[in-house]
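> Have a look at this one before I ask anything.
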Amino acid sequence: MQRTLFFSMLLLSANCSKKCNSRKYDQDSIVCVCNADYCDTIDPLEPLPKGEYAVYTSDKNGMRFEKVSNRFTSLTNQKTVKINRNNRYQEIIGFGGAFTDATGININSLNAKAGTNLLKSYFSKEGIEYNMGRVPIGGTDFSTHGYSYMDDNESIETHFTVRNFTLAKEDFNYKIPLIKESELILGRKLKLFASAWTSPKAWKTNGKYYGLGYLRKTNFQDWADYHIRFLELYEQQGLNFWGISTGNEPLNYLLPFIKIPTVPFFWNNQVEWINEHMGPTLRKSKFSETKLIGLDDQRTFVPLLELQLLNNVTRGFIDGVGVHWYMDKYIPNSVISNFHRKYPEKFMFASEACISSEPVVLGSWDRAERYADNIIDDLLNFMGGWVDWNMVLNVKGGPTYINNFVDSPILVDSSAGEFYKQPTFYAIGHFSKFLPERSIHIDVEKQRGLKIVAFERPDNGTAIIILNKKIKSRALKLADPDRGEIILNVAPKSVSTIVYW
């Protein structure tokens, strides 16, 4: 309540962008330091007069959404990179992050004003305007302990009933209040989707949250009912879900040394669960319009999803596909584009990403480049969005009860009352801020040494994102037949967004 009241007062203040309060650690770039009294912002986007464009740049040297405005020049016959609006591809679903327990714990460790500044950084018009949120169904590896919603009675004979399913204290402390506040900041409902990590232990053959313990077939319907009850109880809290996945990383059992909570499925057993239990139960419920998201796992396993979709019943139930990024560097983009060509009716988006298996660091531009590089690759291959993993972690990369420490776009140092916006935060923002839902991917020619992707916004604006990974600046001339030419020097080691109407 205290933070909500503070946010209401902030609504009355005038818009005026604030510069990054930079701090350099032992990495190749800087972080932007925020606290209760100060946090950098970016002015809300307003359509520019016809004939003008703006370029926003973030780079290794410390620029963060630095804005430069200019005017189009007349079209020439000289070498240009051409934009073609006639070739139109996928629509944007959105960008966002996960409301994990760790995210909530870290936000709550700050005072009310600092916590609101953090949420505004993600969700406000003066921030990077996330419109999506992933909500775990129960516990994850980024909880302080393993848990499900039916831990009070762990008898194998226990089946689902509405009486023995209860939300956890974590939902009421770390998830529901922060989702509501984020929606208040955004000014509309978030596009939420839910994913389950684990079932009750009693329903698994190994009696553990993790490992090679399969869901007992006698509990297949219980597991479907469990998902629906989660949607019901969140609806009672005023939160509705756009989507729900068939389960987070069900193929984690292939890595038996990992203790991430999971419900393992062979691809054919998951087909049975979807066709005979989850699919029919969802479609017959009051949540029949909720999207059922398949895979929710690595790009590596897209061929297994294709096997599942050979079953026409499964194909009818699965609305779209969530893909995790962790194996992307080993699997070509063609796996995604080929899937789209086979199943053009299925939306696709990146449903989880983070820098893992590496120490947490403050101020890595290399990691920002990896984010931007991956997002552009995904958008060029029919993906409609990109959702990060934990939105907020502490400076150690936790809490995580299995010591699975990872990096995050925002890190909190509660002892100092500060949080640090990493270069990865700004890398995501160059997309999420400028590509609202229903933006349409349009053609732009390739340019050697740069990565470029272009979109037509629903307000008839155009947004073009450019990644320069080189250590030298690059001259670029963009030609839009409807506007004219844009002439710019793309900064070395930078992400830039061009926007115009």
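> Filter the GluC sites (Glu not before Pro) in segment 125-234 to those in DSSP coil with at most 11 other Cβ atoms within 10 Å of their Cβ, and list the result.
Passing sites in segment 125-234 are 157.
> Okay, next question. Quick one: work out Rg over Rh on the C-alpha atoms of segment 250-326, Rh as Kirkwood radius. Before the final figure, lay out each step's value.
Details: Rg = 12.9 Å, Rh = 13.2 Å.
Here Rg/Rh amounts to 0.98.
> Let me ask you something else. Quick one: 441, 145, fewest Cβ neighbours within 10 Å first, how do they rank?
So the ranking, lowest neighbour count to highest, is 145, 441.
> Using only the alpha-carbon atoms of segment 51-197, report the extent along each of the three principal axes, biggest first, to the nearest angstrom.
76, 40, 29
> Okay, next question. Residues of segment 117-152 with backbone nitrogen within less than 12 Å of a virtual label 7 Å along the Cα-to-Cβ line of residue 459, please, listed as ranges.
Output list for this probe position: 125-126.
> Quick one: of the DSSP bridges fully inside the chain, what percent are antiparallel, nearest 5? Please report the intermediate quantities before stating the final value.
Values: 51 of 85 bridges.
Looking only at bridges with both residues in the chain, the antiparallel portion is about 60 percent.
> By how many degrees, between 0 and 90 and to the nearest 10, does the Cα long axis of helix 365-379 differ from the longest principal axis of the chain?
Taking Cα atoms only, the helix is inclined about 80 degrees.
> Also: Could you please rank 340, 324, 430, 159, placing first whichever residue has the fewest other Cβ atoms within 10 Å of its Cβ? Before the final figure, lay out each step's value.
Working: 340 18, 324 22, 430 27, 159 14.
Exposure proxy ranking, most exposed first: 159, 340, 324, 430.
> Determine the distance separating the Cα centre of segment 384-408 from the Cα centre of segment 158-222; give it in Å without decimals.
One Cα centre to the other: 19 Å.
> Which aspartates and glutamates have a Cα less than 18 Å from the Cα of residue 346, not counting those fewer than 8 places away in the same chain?
Output for residue 346: 91, 289, 296, 297, 306, 319, 378, 437.
> Another one. Summing +1 for each Lys or Arg and -1 for each Asp or Glu, what net charge is found among the other residues whose Cβ lies under 14 Å from the Cβ of residue 191?
-1
> As an exercise, use a Förster radius of 22 Å and the Cβ-Cβ distance of residue 158 and residue 258 to find the FRET efficiency, rounded to the nearest 0.05.
Plugging the Cβ-Cβ distance into 1/(1 + (r/R0)^6) gives 0.25.
> Mind checking the angle between helix 423-432 and the chain's longest principal axis? C-alpha axes, 0 to 90 degrees, to the nearest 10.
Between helix and principal axis, roughly 90 degrees.
> Fewest Cβ neighbours within 10 Å first, please rank 16, 354 accordingly.
Starting with the residue having the fewest Cβ neighbours, the order is 16, 354.
> A further question on this structure: So how much slack lies between residue 443 and residue 172, counting 0.36 nm per residue of separation and subtracting their Cα-Cα distance, in nm?
Numbers: separation 271, 0.36 × 271 = 97.56 nm, distance 4.50 nm.
Working it through step by step, the gained length comes to 93.1 nm.
> Where a Cα-Cα gap under 26 Å defines reach, which lysines qualify for residue 125, not counting those fewer than 8 residues away within the same chain?
18, 19, 50, 60, 67, 113, 175, 180, 189, 191, 421, 433
> A further question follows. Which FRET efficiency value, to the nearest 0.05, do you get for residue 71 and residue 16 by plugging their Cβ-Cβ distance into 1/(1 + (r/R0)^6) with R0 = 22 Å?
Step by step, r from the Cβ atoms, then E = 0.35.
> Could you tell me which Cys residues in the chain have no other cysteine's Cβ under 4.7 Å from their own Cβ, answering none if every one has a partner?
16, 354
> Nearest 10 degrees is fine. How inclined is helix 176-186 to the longest principal axis of the chain, computing both from alpha carbons?
Taking the Cα atoms of the chain, the angle to 176-186 is about 20 degrees.
> Fully extended, how many nm does the chain gain between residue 276 and residue 358 (0.36 nm per residue separation, minus their Cα-Cα distance)? If you can, show how the numbers build up before the last one.
On the way: separation 82, 0.36 × 82 = 29.52 nm, distance 4.09 nm.
Gain on extension, residue 276 to residue 358, equals 25.4 nm.
> Using 0.36 nm per residue of separation minus the Cα-Cα distance, give me the extension gain between residue 306 and residue 48 in nm, one decimal. Write out the running numbers ahead of the final one.
Numbers: separation 258, 0.36 × 258 = 92.88 nm, distance 4.45 nm.
Answer, rounded to one decimal: 88.4 nm.
Values quoted throughout were computed directly from the atomic coordinates according to the rules given, and no laboratory measurement underlies them. Keep in mind that this is a model prediction, so the values were computed, not measured. Virtual Cβ from ideal backbone geometry, glycine too; neighbours counted across all protein chains shown.
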